[in-house]
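Colleague: Handing you a structure now.
The values are calculated or read from the model by the stated rules, or taken from the named source; none is laboratory data. The shown structure was predicted, so the numbers you read here are calculated from the model rather than taken from an experiment. A quick note on method: Cβ atoms are made from the backbone with ideal geometry, for glycine too, and the neighbour counts reach across all protein chains shown. Protein only, heavy atoms only, side chains kept; ligands, DNA and RNA dropped before computing areas. Shrake-Rupley method; radii C 1.70, N 1.55, O 1.52, S 1.80 Å.
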Amino acid sequence: MITPASTAANRRSIICPYCARIAELVTGETAVPRHRAMWSKRFWYCGHCNASVRAYPNGTPMGLLATPRIRYLRKQAHDQFDALWQDPKRAGFVIKTEADLYITQSKMRKRCYTWLADVLQMTREEAHFGMMTSEALLIAVAEMCRQADPAQIRARYGGAMARNTQEFRTPFRKAAGGAKAGGAKATQNRRSA
């Protein structure tokens, strides 16, 4: 049984990208029945394929509808991402007061989002976990595991940034393809020597 969160907000509709049916604005009791803490929240929910996304109080979705698998990938990626910016000491910041911690976490979070946007070749506005597809999430998780050094992110994205210059762009797919090609050449060179 779907419990509508608000009849006025339900006049707006979202089409589910997975089954092409209309998603409904419901309470968390319907969308995430196992998570009691979320029952008072609002969600856009497709009962046919179990896709859902949180909604703001005015009914606007916080991202794109996601199946349980994509929601799982989003959570995994976001957990990895949070680990980068939540410990500023790892990035070389000196923390003396709680205010210092808050300010440096805020700076580091912005720098990490800028880094993520560059890695995924997106704008900072597009580099929002709620807006990502499963492919982009897998790339993000792989890249974060490979390059998760907060000190490098602080050094690279601190101060004046040369955004969108060749030096700061890290095209993941091109780099991965180039590494494979380089690896094959190196193997050939070792065999011929």
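Colleague: Yes or no: R34 modelled with pLDDT of 95 or more, among the charged types (D, E, K, R) and either surrounded by fewer than 14 Cβ atoms within 10 Å (Cβ to Cβ) or over 21 Å from P150 (Cβ atoms) (or both)?
Modeller: no
Colleague: Among (1) open to solvent by 60 Å² or more (accessible area, probe 1.4 Å); (2) at pLDDT 90 or above; (3) at negative phi; (4) hydrophobic (A, V, I, L, M, F, W, C), where does A20 come up short?
Modeller: Every condition holds for A20 apart from (3).
Colleague: Now, a different point. It is to be established whether one or more residues within the stretch 42-54 are among the aliphatic types (A, V, I, L, M), part of a loop (DSSP other than H, G, I, E, B), open to solvent by less than 50 Å² (accessible area, probe 1.4 Å) and at pLDDT 90 or above.
Modeller: No, the stretch 42-54 has no match at all.
Colleague: Can you list residue pairs whose Cβ atoms sit under 8 Å apart, with the first residue in the stretch 13-25 being within 17 Å of G63 (Cβ to Cβ) and the second being open to solvent by 90 Å² or more (accessible area, probe 1.4 Å) and of a type in the set (K, R)? Count only pairs 6 or more apart in sequence or on different chains.
Modeller: If the second residue must be open to solvent by 90 Å² or more (accessible area, probe 1.4 Å) and of a type in the set (K, R), the pairs left are I15/R21; L25/R12.
Colleague: Out of the residues in the stretch 55-75 meeting the condition of being among the polar types (S, T, N, Q) and surrounded by fewer than 16 Cβ atoms within 10 Å (Cβ to Cβ), tell me which one is farthest from T133 (Cα to Cα). Break it down into steps so the answer makes sense when it comes.
Modeller: Applying the first criterion (among the polar types (S, T, N, Q)) to the stretch 55-75 yields 58, 60, 67.
So of that shortlist, the ones also surrounded by fewer than 16 Cβ atoms within 10 Å (Cβ to Cβ) come out as 58, 60.
Numbers: N58: 24, T60: 19 Å.
Here the answer is N58.
Colleague: Output the residues belonging to the stretch 55-81 that are β-branched (V, I, T) and part of a helix (DSSP H, G or I).
Modeller: I70
Colleague: Could you pull out every one of the helices (runs of 4 or more DSSP H) wholly within the stretch 97-158 that has 2 or more residues that are modelled with pLDDT of 80 or more?
Modeller: Qualifying helices (runs of 4 or more DSSP H): 98-119.
Colleague: Quick check on this structure: which one of G63, G47, G59 is over 22 Å from the mean Cα position of the chain (by Cα) and in contact (Cβ under 8 Å) with a residue 12 or more places away in the chain?
Modeller: G47
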